[in-house]
Each structure stands twice: as C-alpha cells, then as structure tokens.
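Presented below is the structure to which this report refers.
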Amino acid sequence: MAAAEIFPWQRMLWQQMKQPKSSQHHALLLKGRRGIGKLAFARALAKSMLCAQNQNAGMACEKCSDCHWFEQGTHPNIYCLEPEALSELKHVASESTGVGKTETTSVKTAKKLSQQITIAQIRALDDFIYLSAHQERDKIILIHPTEAMNVAAANALLKKLEEPPPGVLFLLVTHNTASIPATVLSRCQQIMMPVPTRQQAREWLQQQGIRQPDFCLAMAGFSPLLALQHDEQQAALHAAFIQSLSTPEKFDLIAWAEKLYKQDLSTVTGWVQKWCYDLMSCRAGGRIYYHLQQADKIRQQAATVDLIALGFLWRELAASQQLASHPLNARLFLEELFLNLLEIVYQHKPETG
Ligand SMILES: [Zn+2]
C-alpha cells in the first residue's frame, strides 16, 4: 500500500470527511480497535491537507514538494507526538536488517525510554503552534496512541484544546478511549473507525501476498494489519507450538522456553492466551474463535478442563502480558508460564528433570 492510500474499508468515511460542506472540528479523535488502519488513515488525512495539489477524491498527489517532505518526515506543518520508546523502536526496525547484536542492544535501550507521552512533549508543542505557519497552510498535530498521555500531559493538552489556536488541527488516534480523560474526549469530535468485513480483510490480505489469509486473520483476532505481520517463519513456529500444546502430556516446557525466549514475549504470552480463550469459549458455549484448525483437540481438552482454574489462569496471563515487556529472565518467565498452564489447566505435572 502506497503511503497516502487508505484501506478499502475506509473509503466511505473518507468521502464523507472530504465533502466540501463538512465543516471540520479543530480536534478529531479517531477511535477503534487495534490493527484496522487508524493511524494510516490519520496520516493520509494529514498529508492530503498539506498537499499543494489534491488529486481525485481529495487524496494527496504524491508528487509535490509538500508530499515529499511529508514522506521524509520533515514537513514543517505537521508535528507527530508519540511515546519515546515507540519512536525508538521504529527507528531500530527501519535501520536494522537482521537479528544482530546491535539490534538487541538498541531494543533494550528503547525499553528504558518512556512508554508514555509526557508533559514535556506537550509543552514542546508551543513553538510549533504559536510560530507562523509555512505558507499560511494549516498546522496539524498528530498524537498516537492518545491513551499513552499521562495525566499531566493530558491536562496540558486540554488547555490547548479548550482555546484552540487558529489554523491548528489536532488529530488524535486511540485504541482505548476508556483510558483518556473525559475532559479531553469532550473537546474532540469522535470518529469511530470502520472495521473491515471478513471478506474485505481476506481480499486485502491476499493482495498483500498472504497465502493463508483466513488462518492469519483468526490468529490476529481478525485485525488485518496484525494478520499481515504474521510472517511465515513466525507462523511456522507458532503452528509447531500449538501442535505441541494440543498434546500436553508430551509438551516439553524446558525445550519450548529455550526455543522461544528470544521471541517477543508478549507475543508468546498472547499465543497461550488465545489457546486458553478457545478452551474457555468452547467449554462455555461450544464456540472456537482462534484455533479453527485444532478444533478437535480444543473440544477434547475443553471437555475435561477445570473452568474455574482456567479463569484464574486467564487473569494471570493478563498480568503476565504487562510483565512480558520487561521480564528479568526471559527463559524463566516462559518456563513459569508454561508450567502454570500445564498444572492448572491439565492437572499435569511435567517432569522437569
Ligand atoms: Zn502533493
């Protein structure tokens, strides 16, 4: 997908927003679940507003110097605010081509950077807001993810939203409106971002060259952008893990911890969560959501599983998800995770040597 394009499921919204008569609020909040293209839409919208010569349907032309600057990240009329850690991780991802030592080190450094949007970042907006605009064009402030603002930052932003500076558009993107103060929400026009139908998501993934779109979609909780990240090597590892988990009496937790500890741990925790979710869902109502290909194994195991113990484990996993971004010992973290799963869910005592 080219940088300024929008996703097929966003076209209707785009047209509505680009209608000549639609008056624009000074602060737009694009909300909706993860992996449906909210940020891409916000960027396309910002780019089209800064482009010197809009093309059909109001899309940016991709040719003028404004569009060029935008892509380079040097356009003087847009200011992007995100947590430091997120910027650094993107920087690392764009620079490194393999899993080298430097990458590992930089990622570790990035984890020490702030996961929040801070008041200092909001205050730093002042220069951008109150200095004169390039070519009298609009100025755009893009904040993502908005829920990463801490309380002080949100209060500082609120002041700006209450007395909007002329010619400034705030574009806020969020996966989680519940974590944003109501005072901030009330100052924004909230836009619920469209979710693709299964058919739209499947077609789009096929166009991106994904060979098993249905499997990847199910694994990614039906978010097409997350499904796209489900790369083949990881998909193979995931599939082997699930295969192994479906025969718990043979599951070798030490070996799996060894195999997976260099992976992103919250991803691995997510795999276990999805497995538990399917067991609970199948036990409670017969429905399997993620592991459609292992439906038989899930049904078999769900029939004997202790639903209450599973509920406890589910809550523990949610807590682990938080710890997974900075465990002290990755291997130990996984061993404990797997041990809990085997003991609580299957009442199975694996031999740990
Ligand atoms: Zn342009």
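Given the condition outside the structural domain of residue 271 (by TED's automatic domain parsing), touching a residue at least 24 places away in the same chain (Cβ under 8 Å), surrounded by 16 or more Cβ atoms within 10 Å (Cβ to Cβ) and not in a helix (DSSP H, G or I), answer yes or no: does some residue in segment 157-169 qualify? Looking for residues that are outside the structural domain of residue 271 (by TED's automatic domain parsing), touching a residue at least 24 places away in the same chain (Cβ under 8 Å), surrounded by 16 or more Cβ atoms within 10 Å (Cβ to Cβ) and not in a helix (DSSP H, G or I), one finds at least one in segment 157-169, hence yes. Residues in segment 170-226 that are over 30 Å from residue 158 (Cβ atoms), of a type outside the set (D, E, K, R), open to solvent by 70 Å² or more (accessible area, probe 1.4 Å) and not in a loop (DSSP other than H, G, I, E, B): 3 in all.
Selection over segment 35-77 of residues that are touching a strand residue (DSSP E or B) at 6+ places or on another chain (Cβ under 8 Å) and within 13 Å of the ligand (Cβ to nearest atom) gives a count of 5. Scanning segment 216-273 for residues being touching a His at 6+ places or on another chain (Cβ under 9 Å) and among the aromatic types (Phe, Trp, Tyr) gives a total of 2. Against the test of being outside any loop (DSSP other than H, G, I, E, B) and either open to solvent by 80 Å² or more (accessible area, probe 1.4 Å) or hydrophobic (A, V, I, L, M, F, W, C) (or both), the options 42, 52, 60 yield a single qualifying residue, 42.
For segment 298-316, the candidate set comprises residues that are buried (at least 18 other Cβ atoms within 10 Å of the Cβ) and at pLDDT 85 or above; within that set, the residue that is nearest to residue 227 (Cα to Cα) is 298.
The values are calculated or read from the model by the stated rules, or taken from the named source; none is laboratory data. Everything quoted here is computed from the prediction, not taken from an experiment. We place every Cβ from the backbone using ideal geometry, glycine too, and count neighbours over all the protein chains shown. Each accessible area value is taken on the protein alone, full model and side chains, heavy atoms only, with ligands, DNA and RNA left out. Shrake-Rupley method; radii C 1.70, N 1.55, O 1.52, S 1.80 Å.
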